[in-house]
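Undergrad: Just passing along the structure, written as structure tokens.
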Amino acid sequence: MPDYYETLGVSRDADKEEIKRAYRRLARKYHPDVNKEQGAEERFKEINRAYEILSEPEMKARYDRFGEAGVSSGAGAGAGYADFGDMGFADIFESFFSGFAGGMGQQTGRRRGGPTRGDDLRLDLKLEFREAVFGGEKEIRIPHLENCNTCNGTGAKPGTRPRTCSTCSGSGQVRRATRTPFGSFTQVSVCPTCNGEGQVIEDKCETCGGAGRKQETKKLKITIPPGVDNGTRLRVSKEGDAGLRGGPPGDLYVYLFVEEDAEFQRDGINVLSDLKISYLQAILGCRLQVNTVDGPVELKIPPGTQPNTVLTLENNGVPKLGNPVSRGDHLITIQIDIPSRITAEERELLEKLAKIKGDRTGKGGLEDFLGGLFRG
């Protein structure tokens, strides 16, 4: 049978505080969430069992007098998790995880009454097409919680201060121990007096009603980077709700939505548009002014251009997000306008051309002629 004093590494005349310190030190070392070595879990169970016996004066006295036989009907021989005596929930949590910042992400064990970070906020913002392409400054209005200037965020009337909750002694939690034939069980719940805050405000600030924060609408200028698109999310640091009890504010997340443009479409960092030209311009070629996001640009239409030909204007597209020097292209799809009605003079000239090419004329001849041209 194990010697529980040896298990905890304390002498037989060790007092309650020495036993608690020894237990906390060993629990940090052998807790299964921290120690993955073989046998660590069994060792942790032994440590818990030893603390369960030695932390209770009555159980300790029986163990000192009769050994294991005096406590063998007690709780937890196989459970491996002790009744933690007078250790509150925060003490237990801290004993397991404090000091493991490197392995657990960050140190925990902070009590509920301490500073709390404010909530993050979301704002949906619509942009015009060119605003999304080139970016710029936008002024927005956001409703959020700000610290009350009257009480400086404490919630207490000026000249007073919150007092530590007497029910939970500032931990924000209360525990209730229940003994059963199978062992001791501890139930931890939110303190009903302070609602888990750890402190009670007796004289509330009249401005904020004791909340420490007020709803305010704030004007804010944000910078839209070039090249944003639908669904792009911008983070504006520290512009969310104010924190509680001096905690840092949350962040504001702005989700961008780009309105459709009557002339342009977007495909990644490329801009798309259509250009309708006459059949004569397609046959003979020409130079035309076309609209781009940068303004009018001259486009060369090669002779014999076919319907749905795509012509490229390089570097007239959207700047690459995060690298505005690099831009996409403007891709222009050529649509050829075939007239449904022509003048007598135009018909005469076209029929002469059709005869030169040897194409049939008459009813439907114009369509046959033009179709023959574009079939190449």
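The values are calculated or read from the model by the stated rules, or taken from the named source; none is laboratory data. Everything quoted here is computed from the prediction, not taken from an experiment. When we count neighbours, we look across all protein chains shown, and the Cβ atoms used for this are built from the backbone with ideal geometry, even at glycine. Only protein heavy atoms, including side chains, enter the accessible area calculation; ligands, DNA and RNA are left aside. Shrake-Rupley method; radii C 1.70, N 1.55, O 1.52, S 1.80 Å.
Undergrad: Under 8 Å by Cβ, and 6 or more places apart or on different chains, what pairs join a residue from the stretch 259-277 that is farther than 22 Å from Asp124 by Cα and of a type in the set (Asp, Glu) with one that is open to solvent by 60 Å² or more (accessible area, probe 1.4 Å) and at pLDDT 95 or above?
TA: Close Cβ pairs (under 8 Å, with a partner that is open to solvent by 60 Å² or more (accessible area, probe 1.4 Å) and at pLDDT 95 or above) amount to Glu263/Asn291; Asp274/Gln335.
Undergrad: If you take the residues of the stretch 39-88 that are assigned to a helix (DSSP H, G or I) and of a type in the set (Asp, Glu), which of them is modelled with the lowest pLDDT? Break it down stepwise before answering.
TA: Our first condition is that a residue be assigned to a helix (DSSP H, G or I); within the stretch 39-88, this holds for 40-54, 57-70.
The next check asks that each one be of a type in the set (Asp, Glu); those that pass are 41-42, 46, 52, 58, 64, 68.
On the way: Glu41: 83, Glu42: 85, Glu46: 88, Glu52: 84, Glu58: 81, Asp64: 82, Glu68: 74.
Ranking the candidates gives Glu68 first.
Undergrad: Given the conditions (1) surrounded by 14 or more Cβ atoms within 10 Å (Cβ to Cβ); (2) at pLDDT 95 or above; (3) closer than 29 Å to Leu123 by Cα, and given that Val290 satisfies all but one, which numbered condition is not satisfied?
TA: Of everything listed in (1) surrounded by 14 or more Cβ atoms within 10 Å (Cβ to Cβ); (2) at pLDDT 95 or above; (3) closer than 29 Å to Leu123 by Cα, Val290 misses just condition (3).
Undergrad: Let me ask something additional. Given the conditions (1) surrounded by 17 or more Cβ atoms within 10 Å (Cβ to Cβ); (2) closer than 21 Å to Glu68 by Cα; (3) free of Cβ contacts under 8 Å to residues at least 24 places away in the same chain, report the number of the one that Tyr30 does not fulfil.
TA: Status for Tyr30: all satisfied but (2).
Undergrad: Out of everything in the stretch 293-338 that is within 11 Å of Gly227 (Cβ to Cβ) and polar (S, T, N, Q), what residue ends up being surrounded by the fewest Cβ atoms within 10 Å (Cβ to Cβ)?
TA: Looking at residues that are within 11 Å of Gly227 (Cβ to Cβ) and polar (S, T, N, Q), I get Asn323.
Undergrad: Enumerate the strands (runs of 3 or more DSSP E) found wholly within the stretch 179-241, keeping only those where 1 or more residues are in contact (Cβ under 8 Å) with a residue 60 or more places away in the chain and under 28 Å from the mean Cα position of the chain (by Cα).
TA: Qualifying strands (runs of 3 or more DSSP E): 213-224.
Undergrad: Mind listing whichever residues of the stretch 1-38 are within 16 Å of Ser55 (Cα to Cα) and basic (Lys, Arg)?
TA: If we filter the stretch 1-38 for residues that are within 16 Å of Ser55 (Cα to Cα), which is where we start, we get 3-27.
Result: Arg12, Lys16, Lys20, Arg21, Arg24, Arg25.
Undergrad: Shifting gears a bit: Name every residue in the stretch 242-251 that is in a loop (DSSP other than H, G, I, E, B), within 19 Å of Pro143 (Cα to Cα) and open to solvent by 30 Å² or more (accessible area, probe 1.4 Å), in order of residue number.
TA: Hits for the stretch 242-251 are Pro248, Pro249.
Undergrad: Does Pro162 satisfy the condition of being open to solvent by 40 Å² or more (accessible area, probe 1.4 Å) and either closer than 19 Å to Pro225 by Cα or modelled with pLDDT under 95 (or both)?
TA: On the way: open to solvent by 40 Å² or more (accessible area, probe 1.4 Å): no; either closer than 19 Å to Pro225 by Cα or modelled with pLDDT under 95 (or both): yes.
No; evaluated as a whole, the condition is false for this residue.
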